[in-house]
Amino acid sequence: MNNDTDTNIKLRLSNSELWGGLIGLGLGGFVTWQALKLKLGTINDPGSGYVLFYTGILMCVFASSIIVSAVTEGGPTLASRWENVRWSKPLLVIACLAAFSFALEPLGFLLSSIPLMLLLLRLIDPVRWTLAIPVAVLVPSGMWWVLKRLLLIQLPSGLFGIG
């Protein structure tokens, strides 16, 4: 092989979209395989694997289109995807969600989700206080009402029994 062919192969192997498509294809194949182990059933009487089977097929189709696009058009390298990555905000979101998960049971849904929303609105992509406070109160309250009153889902009530 000549030097241009070696460079072309190296560029294709470092294509992040190609690797993403291959991982997606593998995951879609796994979902389809596991769905086949379950009863598929028919459209009138679907089994437990029915939706999973077609979800896996769709995953494979979408992943295949990504692979074809990556091979024909190319794409960014794996290294270029990680250049200048700022880890502070993703790590902050993970820390906030971890704190929320620990606070949910003892404090209840409302008393743990309102501070979470306020933190995310102010720290991740700062929103002015006059918008952050109403959104942080109204969105969890609305979700609480839909989940608890309309869908009749039991939520953790916490210390004060309000949530």
Report the FRET efficiency, 1/(1 + (r/R0)^6), for residue 36 and residue 69, where r is their Cβ-Cβ distance and R0 is 22 Å, rounded to 0.05. 0.20
Between segment 70-95 and segment 17-33, what's the alpha-carbon centroid distance in Å? 19 Å
Give me, ordered by chain and number, the residues 5 or more places off residue 41 or on other chains with an amide H under 5 Å from its own placed amide H. 47
Here the longest stretch of the chain that holds no chymotrypsin sites (Phe, Trp or Tyr not before Pro) in a DSSP loop having at most 15 other beta carbon atoms within 10 Å is 1-81
With θ set to phi - 60°, apply the Karplus curve 6.51 cos²θ - 1.76 cosθ + 1.60 along segment 94-104 and write out the HN-Hα couplings as whole Hz, x wherever there is a Gly or Pro. 4, 5, 5, 5, 5, 4, 4, 5, 6, 8, 4
Could you work out Rg/(2.2 N^0.38 Å) for the chain, with Rg from alpha carbons only? 1.53
Cα centre as origin, Lys/Arg/Asp/Glu Cβ charges: the chain dipole, Debye: 480 debye
Can you list the residues, at least 5 places off or on another chain, whose amide H is less than 5 Å from the amide H of residue 77, using H built in the peptide plane? 16
MRE, 222 nm, helices only [DSSP H, n ≥ 4, -39500 (n - 2.57), over the chain, to nearest 500]: -22000 deg cm²/dmol
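Laboratory data are not the source of any read-out in this text; all were calculated from the coordinates shown. Everything numeric here is computed off the predicted structure, so don't read it as measured data. So basically every Cβ, Gly included, is an ideal-geometry build from the backbone, and we count neighbours across all protein chains shown.
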